[in-house]
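K.L.:
Got a structure for you, written out below as structure tokens; questions coming shortly.
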């Protein structure tokens, strides 16, 4: 099993690497500290698994997962996060994640999750109630889910704005022109009916785009 670790804390990645490399059938092929790098590495390396944090700079784990699984459905994403609420769970499952673990899980549960997902099953942390599991498995398969009012690109621009990036910095990171970023920002404001930065930041936090 070829695996990529995605977490913005190096100490967390180092700890995971030490634990996971005990398994002879698992090879860690790369690490990433933000969502954009994770998407790029997934394209280049086509791993079997990605262990993904949710709270990531530049591109959050939910949107990174959505990009990765839409481009390559064979890649299995397992969330490993401090968030144990049902809303974070719902967002990751809808984005295409196959597993969801809280960071307080033990080593055996992490390995069990890898093998469960490898067998094309979902694995959700034992701390989540069975009724919640059933509810959200149903939700991600529901045909009436309409998705976000913003496009994937607009969500990414909004995250960078909320994280304090300037228009020039955002344009450089996304390989866009300054005018294109400004157009996205205007479109975001019009769609949401929010016309100042504090309101945009609050919306981004509420929607899980950033953890500021």
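Values quoted throughout were computed directly from the atomic coordinates according to the rules given, and no laboratory measurement underlies them. Given the structure is predicted, the values throughout are model-derived calculations rather than measurements. Note that each Cβ is placed from the backbone with ideal geometry, even for glycine, and that neighbours are counted across all protein chains shown.
K.L.:
Only residues that are surrounded by fewer than 15 Cβ atoms within 10 Å (Cβ to Cβ) and in a helix (DSSP H, G or I): list them for the range 87-114, please.
P.N.:
Result: 87, 107, 108.
K.L.:
Here's another thing I want to ask about it. Out of the residues in the range 32-58 that are buried (at least 24 other Cβ atoms within 10 Å of the Cβ) and farther than 20 Å from residue 123 by Cα, state the one that is farthest from the chain's Cα centre (by Cα).
P.N.:
That would be 42.
K.L.:
Considering (1) surrounded by fewer than 18 Cβ atoms within 10 Å (Cβ to Cβ); (2) in contact with a helix residue (DSSP H, G or I) (Cβ under 6 Å, 6 or more places away or on another chain); (3) not in a helix (DSSP H, G or I), say which one residue 154 fails and leave the rest.
P.N.:
(3)
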